[in-house]
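Structure incoming, see below.
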Amino acid sequence: MYAGHGHGASAWGRVADNPTGLDAINPGEHLDVETIVDRARTELGSVSTHSVYDALHTLDSAGLVRRIEPAGGPALFEIRVGDNHHHLICRGCGMVVDVDCAAGAAPCLDVPDTDGFVVDEAEVTWWGYCPACQRLAETGPQRPADEEAASRSPRG
Ligand SMILES: [Zn+2]
Ligand SMILES: [Zn+2]
């Protein structure tokens, strides 16, 4: 049994030291910590949630994973970093889709008045319904706000 803290001796401590081993997240995926913990356990056996948080924090600090925090949902992690891309998020199922930044570099939106701020980033998220959820809305009764169902992307 792993203590899950100490000197980063857990299996995921190894991942933090060797980021190419971060294969729990595939390109194009945006995963919450729960999902990453599940995958880490499948791959590595006993892994504490704490050690996964630690590894993600280390990777985030090193710029090797990107963390996004959609309103009303858990933080999501992805391995596409450094290109200032944006996201489309489905209100129905929580699916997240990458959108290339049209301007190419941050900040990609002009601020009418920076009020003295030095602006280096604009975080853009478009909210709506994905094609599958649109079809669902057409064919079936629309469900009210789905607090349980929205927490996880069905693609994976
Ligand atoms: Zn959807
Ligand atoms: Zn993304």
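The values are calculated or read from the model by the stated rules, or taken from the named source; none is laboratory data. Computed from a prediction, not measured in an experiment: that's the story for all the values here. Please note: Cβ atoms are built from the backbone with ideal geometry, for glycine as well, and neighbour counts cover all protein chains shown.
Return the pairs, sorted by first residue and then second, in which the second residue is buried (at least 18 other Cβ atoms within 10 Å of the Cβ) and outside any strand (DSSP E or B), the first residue lies in the stretch 67-93 and is not assigned by TED's automatic domain parsing to the domain that holds C130 and small (G, A, S), the beta carbons are less than 7 Å apart, and the residues are 6+ apart or on different chains.
Pairs that qualify, where the first residue is not assigned by TED's automatic domain parsing to the domain that holds C130 and small (G, A, S) and the partner is buried (at least 18 other Cβ atoms within 10 Å of the Cβ) and outside any strand (DSSP E or B), are G73/G94; G73/A150.
Determine whether R135 is within 16 Å of ligand 1 (Cβ to nearest atom), surrounded by 10 or more Cβ atoms within 10 Å (Cβ to Cβ), at pLDDT 75 or above and over 23 Å from the mean Cα position of the chain (by Cα).
yes
So how many residues does the stretch 68-100 have that are over 30 Å from A137 (Cα atoms) and surrounded by 15 or more Cβ atoms within 10 Å (Cβ to Cβ)? Don't jump to the end; show me each part of the working.
Going residue by residue through the stretch 68-100, those that are over 30 Å from A137 (Cα atoms) are 79-84.
Still in the running and surrounded by 15 or more Cβ atoms within 10 Å (Cβ to Cβ): 79, 81, 84.
Residues in the stretch 68-100 being over 30 Å from A137 (Cα atoms) and surrounded by 15 or more Cβ atoms within 10 Å (Cβ to Cβ): 3 in total.
Right, here's the next one. Exactly one condition in (1) modelled with pLDDT under 90; (2) surrounded by 15 or more Cβ atoms within 10 Å (Cβ to Cβ) is false for A103; which is it?
Unmet for A103, out of (1) modelled with pLDDT under 90; (2) surrounded by 15 or more Cβ atoms within 10 Å (Cβ to Cβ): (2).
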